[in-house]
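Just below is one structure, and these are the notes that go with it.
The values are calculated or read from the model by the stated rules, or taken from the named source; none is laboratory data. Predicted model only: the values in this text are computed from it and were never measured. Every residue, glycine among them, receives a Cβ derived from its backbone with ideal geometry; neighbour counts consider all protein chains shown.
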Amino acid sequence: MFPVSPFVPLRPVAALVVAVALAATVPAVRAVTPFVIQDIRVEGLQRTDPGTVFAALPFRIGDTYTDDKGSAALRSLFGTGLFKDVRLEIQDRVAVVIVDERSIIANVSFVGLKEFDQEPLTKSLRDAGIGEGLPFDRALIDRAEQEIKRQYLSRSLYGAEVVTTVTPLERNRVNVTFTMTEGDAARIADIRIVGATVFSESELLSLFELTKSGWLTWYSKTDRYSRSKLNADLEKLRAHYVNRGYLEFAVESTQVTISPDKQTITIAISVREGQPYTVTAVRLEGDYLGKEDEFRSLVLQLPGQPYRGDAVAATARRFQDLFGLYGYAFARIEPRPEIDRATGQVELVFAATPQRRVYVRRIEVAGNTRTRDEVVRREFRQLESAWYDGGLIKLSKERLTRLDYFSEVDIETVEVPGSPDQVDLVVNLVEKPTGNLLVGAGYSNAEKFTFNASIKQENAFGSGKYLGIEVNTSDFNRILVVSTVDPYWTVDGISRAIDVFYRASRPYNSLGESYDLVTPGATLRFGIPFSEYDRVFLGIGFERTEIGSSIGIPLSYLNYRVLYGENSNAFPLTLGWSRDARDSLIAPGSGRFTRINLEWSLFGDVRYTRTNLQYQEYWPLPYQLTLGLNAELGYGKGLGGKPYPVFKNFYGGGLGSVRTFEQGSLGVVDPTGAYIGGARRFNFNTELYFPVPGTGNDRSLRVFAFADTGNVWREDEKVTLDSLRASAGLGVSWISPVGPLKMSYGKPFRVQRNDRIQEFQFQIGTAF
């Protein structure tokens, strides 16, 4: 939290100064005739071990004492930092060392600390020399006090005060107490942009992370002034103009004014827009390895277009990446615009210097205290002792990021001294917690007492394997699931997943009667990578479904039980394919996800086929908007002359399906009033996300508008457009501390008489 450098002790320098001064003023070390030391005594010690003093002295009993050795002894003792005063007296060939020990810090405490966490603050102060058991140094305390004040200023707490109290204790110890009076943070009252005529002030301010105070800035804290954030916003402002041809745009001045009561801040930004420029030609200069046509195809800035800074920068990165593919790790690309102010035209030149081709000597992994090296190395596509390949290195970084074991992944290219054709790759990792422990309990009139617990570890014992146990019990549902996944069951990257489960449910029909469904089983699945993004899944499982006898059993379940018995064994085979190119699993802003899963049961008492297809895509739109589409298609059919088993039905309605309809309520209702789903399902969901006013570009809290349509149908039921249900409404998506939370409120506009409506719905999870 706090940098250590401002607190670096200056004790050695101070000690030298004091020692020299004492050597010149203390009579004990004035010109003394050299003599042989017969004894050495130390006086004034309270806590320090005498051996520490003797170890610092440059002389021993039997050595010849001189003035130079006396001065060296003073310097050495002061240099330990343990003493605030040291004297050396000579008494009849006996050297007497008289010391005055520094106080020792017994405890460091904080009063009124709210803005910062105490633990990292305590650690930071200790690294700077202020902590329990360390010598007390008033200068360090004063410097720490000033640094804490500066940190408060960085968080807009301009009225914050820090007072340090030093309390003496017995045995020359002290307690150090930092008392903070934080006060209220200064809020940005207004931000003005002067000199902007091409774009409106509101449009330009929408680019900023900093905002003036609003009704939600208490959550986002975007109305707290920060110099670094303002500089970042000014860069966004400049990029906005340069990307639209205003190549000579400049921020002429920035004025930040704070009110006398230190509660409000006003920011005034003066800009000079300049004139727009149009690119007339794009030239390549330098050495392009004889592949000018290949490089030219990567140019994003085309003649006839306004000059766009993002396109120019992206083109330079593309050039560097292509040079990297050919092994030139240190290629330099210099975009050089040649401006003609009279005509408002610019000729763009890309000057290239490829430097030298290199190969990778070693790959070093750093920062992985829990994760094994082999887990990191197996994700690498760049090999040691191979030519440097920028594309493979980029791919390796993406694969490490997708593991979700690390909060930061950085790959640094380091030159090897004395070997101009060699480089080392240093993989710097910052690990994050990969385990999840959840324990919960509750009570409701419907389910009575419920208990749920789960423990999941994505990176069990640092091996890169997944291990999970889930328990859920209530009057309605009892679930026990044990899962394990080995992503590298073979060295080729074939994964293996094993699930063992026991599910027991007691659903109620509309008459308040219940029936029992018990399904124990196990599955074994293998995942085969076919590309860096595509994976095919093969699996086999065993399921035993037991339909209990009860007066509340739905008619369709009763008929199935009468025809095929109360116990049904199935051996489903699965084949699936998935491709995930979304930028985030929880809050996507762009990218595509595709999944196909086929399930066949060709052996046992149950014969069926079950297909599920899903397609998702997200597009970023102007003004921080995001458009998301989700489509799902499910199809089930009985085989061998047997009907499709009702306990394998699809369900529709609720979050993740057609909102505003009660969860799982779509489809034909059984004569007993039970919702049993259907053998076919279709969902189509549209969501338009937009940021909450006052939160800037924060994607953890977003408001969305939605439109859903879909339904489920029986195996023998005809699918028609008229049978589709539809709804629309608004919702809030929040990545809360306990998990992703989604709430929605809407109205159905395609509804039938017996449909069950639930206008407000919420869910903690990752449903669309």
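A few points about this structure:
- Residues in segment 228-238 include at least one that is in the same structural domain as residue 261 (by TED's automatic domain parsing), touching a Leu at 6+ places or on another chain (Cβ under 6 Å), of a type in the set (Asp, Glu) and surrounded by 14 or more Cβ atoms within 10 Å (Cβ to Cβ).
- Any chance residue 586 is in the same structural domain as residue 709 (by TED's automatic domain parsing) and modelled with pLDDT of 85 or more: no
- Restricted to segment 190-282, the set of helices (runs of 4 or more DSSP H) holding at least 3 residues that are at pLDDT below 95 and small (Gly, Ala, Ser) comprises 227-242.
- Tally of residues being touching a residue at least 40 places away in the same chain (Cβ under 8 Å), touching a Ser or Thr at 6+ places or on another chain (Cβ under 7 Å) and either within 18 Å of residue 186 (Cα to Cα) or among the charged types (D, E, K, R) (or both) across segment 238-263: 1
- Test: residue 660 is closer than 28 Å to residue 702 by Cβ, assigned by TED's automatic domain parsing to the domain that holds residue 519 and crowded, with 19+ Cβ neighbours inside 10 Å: yes
- Test result for residue 685, part of a strand (DSSP E or B) and within 28 Å of the chain's Cα centre (by Cα): yes
- The residue that is nearest to residue 372 (Cα to Cα), among those in segment 442-474 that are among the aromatic types (Phe, Trp, Tyr) and at pLDDT below 85, is 451.
- Of the residues making up segment 65-86, one or more are basic (Lys, Arg), outside any helix (DSSP H, G or I) and within 57 Å of the chain's Cα centre (by Cα).
- A single member of 767, 726 is farther than 30 Å from residue 236 by Cα, at pLDDT 90 or above and of a type in the set (Gly, Ala, Ser), and it is 726.
- The test for being in contact with a strand residue (DSSP E or B) (Cβ under 8 Å, 6 or more places away or on another chain), part of a helix (DSSP H, G or I) and at pLDDT below 85 does not hold for residue 158.
- Subset tally (residues that are assigned to a loop (DSSP other than H, G, I, E, B) and crowded, with 18+ Cβ neighbours inside 10 Å) for segment 49-64: 1
- Identity of the residue in segment 592-624, on the phi > 0 side of the Ramachandran plot and surrounded by fewer than 16 Cβ atoms within 10 Å (Cβ to Cβ), that ends up farthest from the chain's Cα centre (by Cα): 604
- The single residue among 641, 628, 634, 653 that is in a strand (DSSP E or B), more than 29 Å from the chain's Cα centre (by Cα) and not polar (S, T, N, Q) turns out to be 634.
- Evaluation of residue 100 against the conditions (1) in contact with a Lys or Arg (Cβ under 8 Å, 6 or more places away or on another chain); (2) of a type outside the set (A, V, I, L, M); (3) part of a loop (DSSP other than H, G, I, E, B) shows that the sole unmet condition is (3).
- Residue-level check: of (1) modelled with pLDDT of 90 or more; (2) among the hydroxyl-bearing types (Ser, Thr, Tyr); (3) crowded, with 21+ Cβ neighbours inside 10 Å, residue 695 misses just (1).
- Some residue of segment 567-587 being loosely packed, with under 14 Cβ neighbours inside 10 Å and in a helix (DSSP H, G or I): no
- Taken together, the residues in segment 165-189 that are surrounded by 14 or more Cβ atoms within 10 Å (Cβ to Cβ) and assigned to a helix (DSSP H, G or I) amount to 1.
- Search result, residues across segment 477-512 that are modelled with pLDDT of 75 or more, surrounded by fewer than 17 Cβ atoms within 10 Å (Cβ to Cβ) and of a type in the set (Ser, Thr, Tyr): 483, 484, 490, 502
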